[in-house]
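Undergrad: One structure follows; several queries about it will come next.
The values are calculated or read from the model by the stated rules, or taken from the named source; none is laboratory data. Nothing here was measured: the structure is a model prediction, and the numbers come from that model. Virtual Cβ from ideal backbone geometry, glycine too; neighbours counted across all protein chains shown.
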Ligand SMILES: [Zn+2]
């Protein structure tokens, strides 16, 4: 093995900033220096051409507005990370409780409005009936007025 041109290092010699990825064909864990991003390299295990992923080039994740994402940095104490995740989970649960309470309140409000709508439609029917009789009275008054104008004997 004298070829040094396309050497893909094993996990044994990962350096800071290296891109870590798996071969899509054989699943071999590979690492390559960041300058290799986007390049086609032969897999160290199966020899197939594999494209080195470009870090942070994917579509951005949909923002999760209400639940803060715990920041997991290199070298973080795993215990602290678990605590951060627990806190985020507790916050998410609070959000869910709040949303459920809100939904319940909205359902009550909707039932209330439905009741008002029924009451109001009864009122509107009565108003329409009153207006109809008012129209009749007006029509009769106009006939009488017309008779007055033409000076017909009653
Ligand atoms: Zn492979």
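Undergrad: Could you grab the pairs with beta carbons closer than 7 Å, sequence gap of 6+ or different chains, first residue in region 39-63 and over 12 Å from residue 24 (Cβ atoms), second one at pLDDT below 90 and more than 15 Å from the ligand (Cβ to nearest atom)?
TA: 54/37; 54/38; 55/19; 55/37
Undergrad: A follow-up question, please. Going residue by residue through region 50-64, is there one that turns out to be within 10 Å of the ligand (Cβ to nearest atom), assigned to a loop (DSSP other than H, G, I, E, B) and at pLDDT 90 or above? Let's see the steps before the verdict.
TA: Going through region 50-64, the residues within 10 Å of the ligand (Cβ to nearest atom) turn out to be 50.
Subset that is assigned to a loop (DSSP other than H, G, I, E, B): none.
Within region 50-64, not a single residue is within 10 Å of the ligand (Cβ to nearest atom), assigned to a loop (DSSP other than H, G, I, E, B) and at pLDDT 90 or above.
Undergrad: Could you check region 1-45 and list, in sequence order, the residues that are part of a loop (DSSP other than H, G, I, E, B), at pLDDT 75 or above, surrounded by 13 or more Cβ atoms within 10 Å (Cβ to Cβ) and within 13 Å of the ligand (Cβ to nearest atom)?
TA: 23, 25, 26, 28, 43, 44, 45
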